[in-house]
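Take a look at the structure set out below.
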Amino acid sequence: MRVCREEIISALNAPDFTEYFKKADAMRREAVGDIVHLRAIIEFSNHCFRNCAYCGLNCKNKSLKRYRMEPEEIISCGKEACSAGYKTLVLQSGEDKFYTKEIIGQIVQELTSCGVTVTLSCGERTDDEYAYWRDCGAKRYLLKHETADSNLYADLHPGYTLSERLSCLEAIKKLGYETGSGFMIGLPGECAESIADNIILLDKLDCDMAGIGPFIPHPETEMRNHKAGSVTITQKAVSLIRILRPHMNLPATTALGVRNKEAYTEAFSRGANVLMKKVTPAKYRSLYEIYPTEIKIADIRDERASLCEFIKSLGRIPE
Ligand code: SF4
């Protein structure tokens with residue numbers, strides 16, 4: 001279904017959004033049921049050669065201690081998450097060429113052979129790399145576009161363009177990956193029109209997943225004094241995407257939870273059907289800080305068990 005820009009703008013400007021929230025919940029139930037998918041995230045490297053204006057991992061942040069997990073360490077962490085009950089692993093990193101096509105391919109092969117689904121989130125790479133990892137068994141790829149405004153994109157990502165980003169997303173989709181993108185709420189110049197453009201871009205790319213999170217300022221970035229994104233607008237965007245593309249996988253994003261725990265919980269009754277949980281080893285956890293966040297470390301099994309209880313308390317089914 002093609003989505004209509006005017007309809008999105010008018011919904012976002014509506015004085016009362018209650019009916020849209022209810023509709024999103026009903027459509028979620030009808031299209032994807034009551035299951036909430038739990039995804040385990042392993043942040044395997046915080047090295048990054050890019051300088052995104054909003055991100056604490058940007059290469060100009062010299063105060064950050066950098067780490068790289070060894071391939072064996074990533075595999076063992078993935079296997080532990082698997083044995084704790086996670087069925088999907090998200091391998092995420094900064095843009096770090098240390099991990100070659102072959103290294104990542106070998107990690108993907110090892111993990112998929114344990115029966116787990118592997119999602120990669122390693123940034124912009126070549127079509128050849130994406131194809132190789134797909135052949136190795138990777139099923140999903142996440143690459144947020146962050147903003148559909150090409151001028152703003154260029155400002156926030158010095159030296160890079162939105163069209164390069166979109167070419168990567170198109171290549172990923174063409175290779176048969178379940179393709180995830182997403183954008184940030186609260187970037188400079190935001191208005192109903194810009195949010196509508198982001199939603200339309202997700203539709204145009206035929207995305208299977210989308211992460212929508214509020215911007216959160218990080219003190220070691222040039223956007224340190226910029227206001228954080230609105231949690232309500234984040235929820236509205238998630239609901240509208242659910243209504244317009246009912247079968248998509250939509251997480252209640254970690255960033256939303258950091259901004260407001262109640263809004264995070266509400267997101268599950270406003271369109272969300274995915275929960276992402278960091279399982280990165282404790283010694284690295286505080287070093288992967290795209291935005292400031294509270295770090296809580298618990299045993300991986302206990303943590304998953306309490307997440308399952310949380311999901312059940314919402315009348316939903318954890319998977
Ligand atoms: S957003 Fe991603 S690519 Fe940009 S600096 Fe952060 S880790 Fe690197």
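The values are calculated or read from the model by the stated rules, or taken from the named source; none is laboratory data. Because the structure is a prediction, the values reported are computed rather than measured. Cβ placement follows ideal geometry from the backbone for every residue including glycine, while neighbour counts extend to all protein chains displayed.
Every residue, every condition in (1) aromatic (Phe, Trp, Tyr); (2) surrounded by 17 or more Cβ atoms within 10 Å (Cβ to Cβ), yes or no:
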{"residue": "Tyr20", "(1), (2)": "yes, yes"}
{"residue": "Ala26", "(1), (2)": "no, no"}
{"residue": "Glu30", "(1), (2)": "no, no"}
{"residue": "Asp34", "(1), (2)": "no, no"}
{"residue": "Lys65", "(1), (2)": "no, no"}
{"residue": "Val90", "(1), (2)": "no, yes"}
{"residue": "Gly94", "(1), (2)": "no, yes"}
For the stretch 191-215, the count of residues that are in a loop (DSSP other than H, G, I, E, B), without any contact (Cβ under 8 Å) to a residue 60 or more places away in the chain and crowded, with 20+ Cβ neighbours inside 10 Å equals 1
Residues of the stretch 48-93 that turn out to be in a loop (DSSP other than H, G, I, E, B) and either more than 20 Å from Leu187 (Cβ to Cβ) or more than 16 Å from the ligand (Cβ to nearest atom) (or both), as a count: 14
Exactly one condition in (1) in a helix (DSSP H, G or I); (2) surrounded by fewer than 24 Cβ atoms within 10 Å (Cβ to Cβ); (3) of a type in the set (A, V, I, L, M) is not met by Leu240; state its number. (2)
Single unsatisfied condition, Phe183 versus (1) closer than 26 Å to Leu38 by Cβ; (2) part of a helix (DSSP H, G or I); (3) not acidic (Asp, Glu): (2)
Every residue in the stretch 133-151 that is more than 12 Å from the ligand (Cβ to nearest atom), aliphatic (A, V, I, L, M) and in contact (Cβ under 8 Å) with a residue 40 or more places away in the chain, please. Ala148
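Quick check: anything in the stretch 253-265 hydroxyl-bearing (Ser, Thr, Tyr), under 23 Å from Ser230 (Cβ atoms) and in contact with a His (Cβ under 7 Å, 6 or more places away or on another chain)? Lay out the reasoning, then the answer.
Here is the first cut: in the stretch 253-265, the ones hydroxyl-bearing (Ser, Thr, Tyr) are 253-254, 264-265.
Narrowing the set further to residues that are under 23 Å from Ser230 (Cβ atoms) leaves 253-254, 264-265.
Checking the rest, the ones that are also in contact with a His (Cβ under 7 Å, 6 or more places away or on another chain) come to none.
No, every residue in the stretch 253-265 fails to be hydroxyl-bearing (Ser, Thr, Tyr), under 23 Å from Ser230 (Cβ atoms) and in contact with a His (Cβ under 7 Å, 6 or more places away or on another chain).
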Being at pLDDT 95 or above, surrounded by fewer than 14 Cβ atoms within 10 Å (Cβ to Cβ) and either touching a Lys or Arg at 6+ places or on another chain (Cβ under 6 Å) or part of a loop (DSSP other than H, G, I, E, B) (or both), is that true of even one residue in the stretch 275-284? no
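Give the residue that is farthest from Arg140 (Cα to Cα), with candidates limited to residues of the stretch 94-109 that are outside any helix (DSSP H, G or I) and touching a residue at least 24 places away in the same chain (Cβ under 8 Å).
Of all residues in the stretch 94-109, those outside any helix (DSSP H, G or I) come to 94-100.
Checking which are touching a residue at least 24 places away in the same chain (Cβ under 8 Å) leaves us with 94-99.
Numbers: Gly94: 17, Glu95: 17, Asp96: 19, Lys97: 20, Phe98: 21, Tyr99: 18 Å.
In this case the residue turns out to be Phe98.
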Would you confirm whether any residue within the stretch 308-315 is small (Gly, Ala, Ser), over 21 Å from Met184 (Cα atoms) and touching a residue at least 40 places away in the same chain (Cβ under 8 Å)? yes
Conditions (1) surrounded by fewer than 15 Cβ atoms within 10 Å (Cβ to Cβ); (2) modelled with pLDDT of 95 or more -> Pro292 fails only (2)
